[in-house]
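These notes are about the structure you will find just below.
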Amino acid sequence: MPTQPDHLSITRPDDWHLHLRDGVALAAVLSDTARQFSRAIVMPNLVPPVTNVALAGAYRERILAALPKGMHFEPLMTLYLTETTSPADIADAKASGFIHAVKYYPAGATTHSDAGVRDLARCKATLAAMATHDLPLLMHGEVTDPSIDIFDREHTFIETRLKPTLQEFPELRVVLEHITTRHAVEFVERSSERIAATITAHHLLLNRNHLFTGGIRPHHYCLPVLKREIHRQALLDAATGGNPKFFLGTDSAPHARHAKESACGCAGIYTAHAAMELYAEAFDSVGRLDRLEAFASHHGADFYRLPRNTDQLVLQRRAQRVPQELPFGDDHIVPLRAGEDIAFTLAS
Ligand code: NCD
Ligand code: ZN
Ligand code: ZN
């Protein structure tokens with residue numbers, strides 16, 4: 001019988017994949033994350049992208065300056081890999097002490113990826129430097145070839161890009177970000193200890209039917225796009241299975257309402273307003289709340305070779321109603337579950 005505790009106290013979690021944006025957007029979303037998470041891997045897909053230590057250091061300062069008084073939060077910065085990122089940039093990043101990884105976006109794969117990599121072969125010396133300096137490579141794992149079915153792009157990426165890269169750089173540590181398929185789960189499980197994966201709350205809770213419930217649902221559109229139910233089940237098994245290769249990464253990706261509700265809507269789902277509550281619902285759905293702490297608070301820190309947090313976060317089994325929209329500068333964000341309930345609430 002699944003247990004039904006009325007509250008859950010866990011080591012404070014970290015978010016290993018987060019979009020904080022910049023300026024008024026950053027100011028609007030930061031406290032949602034800092035309320036729950038001690039640290040987050042901050043994605044570098046700004047415009048222009050965060051491609052060197054100076055830009056990452058300045059962005060880190062803007063994040064810390066936007067933090068409401070009394071809140072503690074450590075942004076773990078990343079560099080945006082381009083075809084001109086040099087081995088010296090990698091050495092500088094490692095020496096900075098505040099850059100924890102390098103992010104690979106296939107050019108054109110997702111939001112603000114135009115400056116990304118067209119041909120990984122041009123990055124060989126840089127990838128070798130990452131292996132030498134033990135700076136993990138975080139991958140948006142989708143091919144961009146428009147002739148490949150959008151639901152197959154992650155699988156094809158694993159076969160044609162990831163496997164050869166791992167073979168060529170046996171020391172490189174890689175996080176396959178926001179995995180969405182059974183293929184990705186199985187690939188990560190079979191790979192060596194240096195390969196891990198993040199899993200979002202939305203991919204644990206939604207399948208591709210949710211894109212079309214009663215009409216087209218732009219607020220359920222993200223990349224990699226939601227997949228079939230069998231894939232959601234595989235992700236849930238992976239997240240709740242206790243394997244240290246899988247850890248929490250919300251991929252919370254705020255876009256203004258008008259940019260989502262558009263003839264060509266942006267990819268990204270906002271979950272930071274209630275990330276831990278959403279993950280708790282997913283874990284509870286299979287009676288595995290007992291596995292949430294390891295997934296959210298232990299596995300990621302261990303992979304990144306950072307100390308685990310020491311304070312606690314408490315979740316209560318008490319429903320909360322999510323607002324229809326949240327302020328976002330001059331516009332609004334429509335958060336996941338807008339106008340509906342989530343079964344858990346963060347204790348204050
Ligand atoms: C992300 C964003 O909006 O920055 N969007 C998304 O759908 N996941 C980019 C990304 O992580 O691919
Ligand atoms: Zn991505
Ligand atoms: Zn992302």
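Can you tell which of Leu20, Leu292, Leu313 shows the greatest fluctuation in a Gaussian network model of the chain with Cα springs below 10 Å?
Highest fluctuation among the options: Leu313.
Could you calculate the FRET efficiency of Asp237 with Ala54 from 1/(1 + (r/R0)^6), where r is the beta carbon distance between them and R0 is 51 Å, rounded to 0.05?
0.75
Taking 0.36 nm per intervening residue step and subtracting the Cα-Cα distance, what contour gain separates Phe151 from Arg317 on full extension?
Contour length minus the Cα-Cα distance gives 56.3 nm.
With +1 on the Cβ of every Lys and Arg and -1 on the Cβ of every Asp and Glu, and nothing else charged, how large is the dipole of the chain about its Cα centre, in debye rounded to the nearest 20?
Once rounded to the nearest 20, the dipole reads 160 debye.
What is the gain in length, in nm to one decimal, between Ala88 and Glu159 on full extension, counting 0.36 nm per residue of separation less the C-alpha to C-alpha distance?
The Ala88-Glu159 span can extend by a further 22.6 nm.
Please give the helix 275-285 orientation as an angle from the longest Cα principal axis of the chain, in degrees from 0 to 90, rounded to the nearest 10.
70
Please list, ordered by chain and number, the residues whose modelled amide H lies under 5 Å from the amide H of His17; skip anything fewer than 5 residues away on the same chain.
The answer is Ile41, Thr250, Asp251.
Could you sort 174-180, 232-238 so that the peptide with the highest average Cβ count within 10 Å comes first and the rest follow in order?
Highest mean packing first, the order is 174-180, 232-238.
Using the structure shown, select from Lys69/Lys94; Lys69/Lys103; Lys69/Lys227; Lys69/Lys124; Lys94/Lys227 the pairs with a Cα to Cα distance greater than 32 angstrom.
From the list (Lys69/Lys94; Lys69/Lys103; Lys69/Lys227; Lys69/Lys124; Lys94/Lys227), the Cα-Cα distance tops 32 Å for Lys69/Lys227; Lys69/Lys124; Lys94/Lys227.
What is the gain in length, in nm to one decimal, between Lys124 and Asp331 on full extension, counting 0.36 nm per residue of separation less the C-alpha to C-alpha distance?
This chain segment gains 70.3 nm when fully extended.
Got a sec to turn the phi values of region 92-107 into Karplus ³J(HN,Hα) couplings, 6.51 cos²θ - 1.76 cosθ + 1.60 with θ = phi - 60°, whole Hz, x for Gly and Pro?
Computed from phi, the couplings for region 92-107 are 4, 4, 4, 5, 4, x, 10, 9, 10, 5, 10, 9, 9, 10, x, 4 Hz.
Against the longest alpha carbon principal axis of the chain, how many degrees, from 0 to 90 and to the nearest 10, is the axis of helix 229-240 turned?
Tilt relative to the chain: about 90 degrees.
Report Rg/Rh for region 7-346, rounded to two decimals, where Rg is the Cα radius of gyration and Rh the Kirkwood radius.
So for region 7-346, dividing Rg by the Kirkwood Rh gives 0.93.
Quick one: of the DSSP bridges fully inside the chain, what percent are antiparallel, nearest 5?
If we restrict to bridges inside the chain, about 35 percent are antiparallel.
Per residue of region 331-347, what does 6.51 cos²θ - 1.76 cosθ + 1.60 with θ = phi - 60° give for ³J(HN,Hα)? Whole Hz please, x for Gly and Pro, Karplus curve as stated.
10, 9, 10, 9, x, 4, 6, 3, x, 10, 9, 10, 6, 10, 9, 6, 6
For helix 124-133, report the angle its Cα long axis makes with the longest principal axis of the Cα atoms of the chain; keep it between 0 and 90° and round to the nearest 10°.
Tilt relative to the chain: about 60 degrees.
Can you sort Phe151, Phe98, Phe303 so the residue with the fewest Cβ neighbours within 10 Å comes first?
Phe98, Phe151, Phe303
Within region 311-333, whose backbone N sits under 12 Å from a point 7 Å along Cα→Cβ of Ser31?
Flagged as within label range: 327.
Rounded, prolate or oblate, given the Cα gyration tensor of region 1-103, with a/c below 1.5 counting as rounded?
prolate
In deg cm²/dmol, rounded to 500, what helix-only [θ] at 222 nm does the chain give when every DSSP H run of at least 4 residues adds -39500 (n - 2.57) and the total is split over its residues?
-8000 deg cm²/dmol
Which of these, Thr78, Thr110, Thr165, has the largest mean-square fluctuation under a Gaussian network model of the chain (Cα springs below 10 Å)?
In the Gaussian network model the winner is Thr165.
We did not get these values from a lab; they are worked out from the coordinates using the rules stated. All of these numbers come straight from a predicted model, not from anything done at the bench. No Cβ is skipped: glycine too gets one built from the backbone with ideal geometry, and neighbour counts run over all protein chains shown.
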